[in-house]
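Chemist: If you scroll down you'll find the structure; I have some questions about it.
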Amino acid sequence: MKKLLSTILMIMGTIFVLSCGGNTEETTPAGDTNTTEPATITEVPLAAITVEDLVGKEFTLTNMYEGKEVTIAFTATNMIGGNSAINNYFTEFSLDGDKIAFKALGSTKMAGPEEDMAVETEYLQILSGANTVSLDEDVLTITTTSGTNLIYTFKGNVEVVSDDTNQ
């Protein structure tokens with residue numbers, strides 16, 4: 001029964017993600033035409049993010065799943081973990097400039113309310129498509145290959161696991 005429920009939830013999550021189309025549009029206010037300064041946009045390249053910028057920090061997802069506890073924590077130079085509404089998840093990651101890649105996500109297997117299970121399934125599916133990462137002060141943004149932005153805010157520091165225990 002659990003396998004059937006899991007399969008149904010995964011299919012529903014996939015359908016939901018595909019039907020939402022990864023809407024990540026952001027609106028920006030139009031320039032004020034009554035200013036004395038020219039209305040130009042200057043793009044400032046962000047400095048490359050480093051592993052040291054992330055390790056030991058935990059972030060809470062803020063742009064999706066209101067009222068649900070969804071987090072990501074960088075617990076070692078190559079490990080992440082977090083909470084995905086019900087269960088804890090974990091995997092290895094690699095960082096190359098602003099490119100981030102995760103190995104296959106693993107998680108604990110506790111059951112919970114159907115709504116939370118659907119959130120968890122969808123979130124982990126979206127996160128597994130991570131492509132780029134940026135950090136602007138306390139705001140972490142992971143953008144997926146499909147263009148979905150996962151926006152997190154700094155929650156706090158976490159204990160860093162020594163690299164020699166990650167085997």
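The values are calculated or read from the model by the stated rules, or taken from the named source; none is laboratory data. A quick note: this is a predicted structure, and the numbers were derived from the prediction, not measured. Ideal geometry is used to build each Cβ from the backbone, glycine not excepted, and the neighbour counts take in all protein chains shown. Heavy atoms of the whole protein, side chains included, go into the accessibility calculation; ligands, DNA and RNA do not. Shrake-Rupley method; radii C 1.70, N 1.55, O 1.52, S 1.80 Å.
Chemist: Identify all residues within the stretch 52-73 that are on the phi < 0 side of the Ramachandran plot and aromatic (Phe, Trp, Tyr); write none if there are none. Reasoning before the result, please.
Modeler: In the first step, residues of the stretch 52-73 are kept if they are on the phi < 0 side of the Ramachandran plot; the result is 52-55, 57-64, 66, 68-73.
Answer for the stretch 52-73, where residues must be on the phi < 0 side of the Ramachandran plot and aromatic (Phe, Trp, Tyr): just 59.
Chemist: When you check residue 147 against the structure, is it open to solvent by less than 20 Å² (accessible area, probe 1.4 Å) and either touching a residue at least 60 places away in the same chain (Cβ under 8 Å) or assigned to a strand (DSSP E or B) (or both), yes or no?
Modeler: no
Chemist: I want to confirm something. Restricting to the stretch 98-109 and keeping residues that are part of a loop (DSSP other than H, G, I, E, B) and in contact with a strand residue (DSSP E or B) (Cβ under 9 Å, 6 or more places away or on another chain), which single residue is surrounded by the fewest Cβ atoms within 10 Å (Cβ to Cβ)?
Modeler: 104
Chemist: Moving on to the next point. Would you please name the residue that is surrounded by the most Cβ atoms within 10 Å (Cβ to Cβ), looking only at residues in the stretch 110-142 that are without any contact (Cβ under 8 Å) to a residue 24 or more places away in the chain and assigned to a strand (DSSP E or B)?
Modeler: Among residues in the stretch 110-142 that are without any contact (Cβ under 8 Å) to a residue 24 or more places away in the chain and assigned to a strand (DSSP E or B), the one surrounded by the most Cβ atoms within 10 Å (Cβ to Cβ) is 141.
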